[in-house]
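Participant: Can you read through this structure? Questions will come right after.
The values are calculated or read from the model by the stated rules, or taken from the named source; none is laboratory data. Here the structure is a predicted model, which means the values were calculated and not measured. Virtual Cβ from ideal backbone geometry, glycine too; neighbours counted across all protein chains shown. Just so you know, the surface numbers come from the protein's heavy atoms only, side chains and all, with ligands and any DNA or RNA stripped out. Shrake-Rupley method; radii C 1.70, N 1.55, O 1.52, S 1.80 Å.
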Amino acid sequence: MKPDEIRKLDAYFKRAFQNPRLEVKARPRKDDSAEVYLGDEFLGIVFKDEDDGDYNFSMAILDIDLA
């Protein structure tokens, strides 16, 4: 993803979840997606759908995190 896309997504996540600790970062060795963090904790991946320009956020939730 381009740096301006990452900045826009970063601002969106902070605004949508009302949390300034959320951060969208470029992925090393990948340019089709970005990583989302809450502080130092990895939350998920944001992918851009090149066909329609929309973004998709994918977050895995482990069973041990629900206990």
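Participant: Only residues that are closer than 17 Å to Leu9 by Cβ and modelled with pLDDT of 90 or more: list them for the range 53-67, please.
Facilitator: Of all residues in the range 53-67, those closer than 17 Å to Leu9 by Cβ come to 53-59.
Passing the criteria: Asp54, Tyr55, Asn56, Phe57, Ser58, Met59.
Participant: Let me ask something additional. Please indicate, with yes or no, whether at least one residue in the range 11-18 is at pLDDT 95 or above and assigned to a loop (DSSP other than H, G, I, E, B).
Facilitator: Taking the range 11-18 as the starting set, the residues that turn out to be at pLDDT 95 or above are 11-18.
Imposing the further condition that a residue be assigned to a loop (DSSP other than H, G, I, E, B) reduces the set to 17-18.
Within the range 11-18 (the criterion being at pLDDT 95 or above and assigned to a loop (DSSP other than H, G, I, E, B)), the answer is yes, since at least one residue qualifies.
Participant: Where the second residue is modelled with pLDDT of 95 or more and open to solvent by 70 Å² or more (accessible area, probe 1.4 Å) and the first is at negative phi and aliphatic (A, V, I, L, M) and lies in the range 1-12, which pairs have Cβ atoms under 8 Å and are six or more apart or on separate chains?
Facilitator: Final answer for the pair search is Ile6/Lys25; Leu9/Tyr55.
Participant: Right, something else. Taking only the range 17-51 into account, find how many residues are open to solvent by less than 90 Å² (accessible area, probe 1.4 Å) and either farther than 16 Å from Arg7 by Cα or not hydrophobic (A, V, I, L, M, F, W, C) (or both). Even if it seems obvious, please write down each step before you answer.
Facilitator: From the range 17-51, those open to solvent by less than 90 Å² (accessible area, probe 1.4 Å) are 19, 22-28, 32-39, 43-49; that's our starting set.
So of that shortlist, the ones also either farther than 16 Å from Arg7 by Cα or not hydrophobic (A, V, I, L, M, F, W, C) (or both) come out as 19, 23, 25, 27-28, 32-33, 35, 37, 39, 43-44, 48-49.
Adding up the residues that qualify gives 14.
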